[in-house]
Amino acid sequence: MSARTDVLLWAQRVLARKTAPAYQILEVPSGCALDVAQQAFHKIARLAHPDLHRTTLSPDELELVTQAYSRAAAAYQEIRVQNRTTTKMIPILRAEPTTIPQTAVIPTSRSPNKAVPLPDAEPINPAQAMTPKALIYYRKAELCLRRGELVNAVLQLKMAIASDPQSPFLRSALAEVQAEVTKKP
């Protein structure tokens, strides 16, 4: 068969699988490793990338191949995100409330840096305990983690710590993500 026929048959096969899981679209085993999915997607790209067929296919056929290729790219991205997203860093809205320490430094007019015991420690949300700028960087780190970009998440967490250097929550989140980065090949 010709390359034109191969790519059209592939496109029809992919588009026929409307609700198929990502691994079926890429034609890889369920729960496969990321490198297997990557090899499958690169093979598809070498065969069916729409730019390779701009001159050989009719506009309708090219549209069919473009739709199928975009489904394959989305399937690869889905597998990539599933395999790379860390589960260590808990989203801030679902985080367990932390407690304020029993003693805190409260400036007073008499002794500006004296530790004063606090009455009943109340749980606080980590989002309320950090500066707004640090919270923005933390949210960006969460987005990076969802996309599987661990190195970028580390950078965003370091920026959050630079904005709020006193936050133990941010430091523990950074340690967890850095541990994930060192585990990944």
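The values are calculated or read from the model by the stated rules, or taken from the named source; none is laboratory data. Bear in mind that the values here come from a model prediction, so they are computed numbers and not experimental data. Don't worry about glycine lacking a Cβ; one is built from the backbone with ideal geometry, like all the others, and counts go over all protein chains shown.
Please state which of the following conditions Thr5 fails to meet, knowing it meets all the rest: (1) assigned to a helix (DSSP H, G or I); (2) surrounded by 12 or more Cβ atoms within 10 Å (Cβ to Cβ); (3) among the polar types (S, T, N, Q); (4) at pLDDT 80 or above.
Result: Thr5 fails condition (2) only.
Tell me yes or no: at least one residue of the stretch 58-71 is over 25 Å from the mean Cα position of the chain (by Cα), crowded, with 16+ Cβ neighbours inside 10 Å and closer than 29 Å to Arg146 by Cα.
So far as the stretch 58-71 goes, yes, one or more of its residues are over 25 Å from the mean Cα position of the chain (by Cα), crowded, with 16+ Cβ neighbours inside 10 Å and closer than 29 Å to Arg146 by Cα.
When residues of the stretch 53-72 are filtered for being among the polar types (S, T, N, Q) and part of a helix (DSSP H, G or I), how many remain?
3
Exactly one of these conditions fails for Asn83: (1) surrounded by 14 or more Cβ atoms within 10 Å (Cβ to Cβ); (2) of a type in the set (S, T, N, Q); (3) part of a loop (DSSP other than H, G, I, E, B). Give me its number.
For Asn83, the failing item is (3).
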